[in-house]
Amino acid sequence: MPKENCKYWDKCYQRNEVHLRKYNHPHTTNDKGLDGKSENSTKANVQESGNIKNTEDDVQDKYETASLREEAMAKLSGKNYMAMLQNRIKLSEQKEYDNLVQSNEFIRHKFLVEMPPDFYTFWKFLQQLNPNKDGQELLLFMEKQFQLQLVGPFEFLAGKFQKAKIREPGDYLRHWRFFYDPPEFQTVFVRKSTQIHYGYWRDSPQENSDLLVACNDSRKNCEFAFIAGNIFDAFLYYLDKDFAPTPFTAAMVVTTKKRLQKFVEINDITLDNLEKLRKKRNSKVVCKTFHRAGIVVPYDRKTQLGYRPLIESDAELKKILKVLEKGKETDTLDPDDPIKMAVMEKLNPIAVAANIAVDECDFGTALELGIDLFSSGHKELHMLIQTLLVQAYSLLHRPQFIAIAKAHLEKRNYTNLSIFDLDNQ
C-alpha cells in the first residue's frame, strides 16, 4: 500500500521512525543525508571544501606575508635603514648622556680625571657667597665682578652641560685646553679676554688630592708657575696678582676675602701649603723641561732606572728648534721644506736615543723629549711629538694622557677653546 505524503513535506521536523515509515518525505532519512548523499560522502565533501578553502587562505596568507615582507625590507633598505639606525643610536646616546650628566661621574667620563675635594668645597663657598643664584648665575657673577671665568668642571657643576649638544669625545678633552697646556694640566680659572689661566696639575691622571695649582699666559710663553696648594689659595692669588679692581669692585674684593677667610677657618682648610706640596713634588722631579714644571716618573736612584738625560742639552735643543720659528709664524711648513728637513735631521738622533732609552726602561727620557717638543709650539713636529708621548704614557700606565694629547694635537689653537663655542666656528 503506497504511503501518503506528509502534509508538512519538506518542513517536517519529526525524526520518529513510525512517522517516517508511514509518510513520504522529499528526502530519505535512514543512511542518507538531507541532500540524498551518504553521511560519509557529505563529510568528505565538507573536508574537501575545507581543504580548498584552507589552500586558498594559505595562498592569500603567503601573498600578504610576502607583500608585507617586501614592504618592510623596502623601508629598511639603503638610506632609510641607515637613518633609522642612526636615530636609534642617537636616542641611546642621548639617554646615556642624560643619565651621566646627573652625577659627578660626568667629569671623569668626559675629562678623564677626578676632581680633588677642595674643588667641590670651593663651589660650596661660592654658593654660600651668593645663596640666591643658581649655578650659571654664579658663573656670570664671578665673570662680571672679578673678570674671572670658572670653566671646565665648574661649568658642569653650574649645569651648563645639562641641555648641551652631545659632542665628540675629543671636544670635551680640548675644552678650555690652551695652546701650551700639557696633558698634566687642567684649566679651571681664566682671566676674561686673556690667555691667563689657572688649573690643577697632575703628574698621573689618577691623582685627585693635594694637587698643586699652576698658571700660564699662553700669549707670552709655554712656562707654568706653581702658585697655590689648593683652589682657595689660587683664588686669593688671582685677586692679588692678576685682577685689577676698580673703585666699583674694590669693596667687593675686600668683603669676598674676609668671607673666604672665615669659610676656610670653619671648614679647617689650609691655605699655606704651597711650599710643602711643591717641595714634596720637587723631590720626585727627574728633570727640568721647557715648561719649567719638570716631569715626574718612577725612578730608582740606586739603579738609576726610569730616566736618563737627553743626548743634547736644553740649550742645544732650543737652538735646533729656533730654526723653525719661520714655521711657527706660517703655522706649518711644507714636508719637503729644506729648513724642516734640516731640523728633522738634527732631531732624529735625539729621538732615536730616546727610543733606545725606552727599550732599556728609561721611560722618562721619551716623555721629556715629547713634552719639550710640544712646548716649543711647532705644529710641524706634532707627528713626532705624538709618537714620543704615546710611547711614554703607555709604558707609564697613563692612558688618559694619551687620549688628551692626541685630541689636543689634532686641533691645537689659541682661540675658540670652549666646547660651547663650536657652533659659532
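Based on the Kirkwood approach, the hydrodynamic radius assigned to the stretch 168-318 is 17.6 Å, with every pair of different Cα atoms included.
Surface composition of the stretch 150-261: carbon plus sulfur atoms hold 51% of the accessible area, using a 1.4 angstrom probe and ignoring ligands, DNA and RNA. Quick note on the stretch 267-425: its Rg to Rh ratio, both from C-alpha atoms and Rh being the Kirkwood radius, is 1.02. Extending 7 Å from Cα along the Cβ direction at Thr270 and again at Glu360 yields two label points whose distance is 4.0 nm.
With Rh defined as the Kirkwood radius, the inverse of the mean 1/r over Cα pairs, the Rg/Rh of the stretch 363-425 is 1.04. Surface composition of the stretch 298-407: carbon and sulfur make up 56 percent of the accessible area, probe 1.4 Å.
The values are calculated or read from the model by the stated rules, or taken from the named source; none is laboratory data. Remember, it's a predicted structure, so these values are computed and weren't measured experimentally. Counting neighbours? That spans all protein chains shown, and the Cβs are built from the backbone with ideal geometry, glycine included. Areas reflect the complete protein model, heavy atoms only, side chains present, ligands, DNA and RNA absent. Shrake-Rupley method; radii C 1.70, N 1.55, O 1.52, S 1.80 Å.
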